[in-house]
Amino acid sequence: MLEDESVVTVHCPNTGAMTNCFGAGDRVYLSRAKDPKRKTPFTWEVNRHGRHWIGVNAAKANGIIGEALHRRALPGFESVQSVLPEQSFAGSRIDFRLTFLDQPDMLLEVKSVTYRAANNVGLFPDAPSERALKHLEALIEARRQGLQAGLVFCAQHTGIDRIAPATDIAPEYAVRLTEAAGQGVKILGCKVEFKMPYVRVKRPIAVDISGGLATS
């Protein structure tokens, strides 16, 4: 329901389960499409659920991380020289290829995390994802070829303080994530802050790849 009390159907740019992300009475933040012919003129971007802000548009995580990389504001990536988006590699499309002066290039994949479970832990994925597994395989292959590889879990939920694989939902992903780390893929986590209408990286957060955290 909009402020004028008219009711509209909006596009939801999230293919996951969106567990614990919304409820009746929440305040939603929408963007209006530029194409007047689009079937749904509005897109659901952010949700205010209880006392928490949640970025439900999973694709926005790429823009948030990309903006931080360009500003040299992502911890650990201050020396990056160039940021190349949407790179094809090993049959996958990886979010970024980063170049450095004195290091091999890095392939960097970004995953949005919004599933907040017990103890402020963000779990990924919130639904089985063959695509996420395929991206892990590409990052492992990058390491085999002598490139750097990284995976950033971007917590678009102000109630998430650390991240872990969702072992109950996607046990194969949890196992493969541990294997990727063992092959030298850098596994990183960050938390965003919402100062509407702006969203940006706030600080790094820990990622527990042990797989010991379940969905209960």
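Here, each number is a calculation from the coordinates, and none is a lab measurement. Please read these numbers as outputs of a predicted model, since none were measured by experiment. Here the Cβ positions follow ideal geometry from the backbone for every residue, glycine too, while neighbour counts run over all protein chains shown.
Listed values, structure above:
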{"quantity": "Candidates Lys195, Lys111, Lys34, ranked by Gaussian network fluctuation over the chain, Cα under 10 Å, top entry", "calculated": "Lys34"}
{"quantity": "The range 81-120 versus the range 1-32: alpha-carbon centroid distance in Å", "calculated": "28"}
{"quantity": "Total lysine pairs whose alpha carbons fall under 24 Å of each other in the chain (8 or more apart, or interchain)", "calculated": "18"}
{"quantity": "Burial ordering of Cys154, Cys190, Cys21, Cys12, fewest other beta-carbon atoms within 10 Å first", "calculated": "Cys12, Cys21, Cys190, Cys154"}
{"quantity": "Dipole magnitude of the range 1-97 about its Cα centre (Cβ charges: Lys, Arg +1; Asp, Glu -1), debye to nearest 20", "calculated": "180"}
{"quantity": "Gain on full stretching of the segment that runs from Thr19 to Ser79 - 0.36 nm per residue minus C-alpha separation", "calculated": "17.9 nm"}
{"quantity": "Dipole magnitude of the chain about its Cα centre (Cβ charges: Lys, Arg +1; Asp, Glu -1), debye to nearest 20", "calculated": "420"}
{"quantity": "Neighbour-count order for Val201, Val7, Val28, Val113, fewest beta carbons within 10 angstrom listed first", "calculated": "Val7, Val28, Val201, Val113"}
{"quantity": "Normalised contact order of the chain, rounded percent, pairs of Cα under 8 Å and 6 or more residues apart", "calculated": "17"}
{"quantity": "Tyr198 versus Asp102: modelled label distance in nm, points set 7 Å from Cα along the beta carbon direction", "calculated": "3.4"}
{"quantity": "Nonlocal amide H pairs with Ile205, under 5 Å, H built at 1.01 Å", "calculated": "Gly189, Cys190, Lys191"}
{"quantity": "Rg(Cα) / (2.2 N^0.38 Å) computed for the chain, rounded to two decimals", "calculated": "1.04"}
{"quantity": "Phi-based couplings in Hz for the range 91-97 (Karplus 6.51, -1.76, 1.60; Gly and Pro marked x)", "calculated": "x, 10, 10, 9, 4, 9, 10"}
{"quantity": "FRET efficiency estimate (nearest 0.05) - Cβ-Cβ, Glu3 to Arg131, R0 41 angstrom", "calculated": "0.65"}
{"quantity": "Relative contact order of the range 93-216, defined on C-alpha pairs under 8 angstrom at six or more residues apart (%)", "calculated": "26"}
{"quantity": "Proxy reagent accessibility, fewest Cβ within 10 Å first, across Leu151, Leu108", "calculated": "Leu151, Leu108"}
{"quantity": "Cleavage-rule hits (GluC sites (Glu not before Pro)) in the range 64-119: DSSP loop, at most 15 neighbouring Cβ within 10 angstrom", "calculated": "Glu78"}
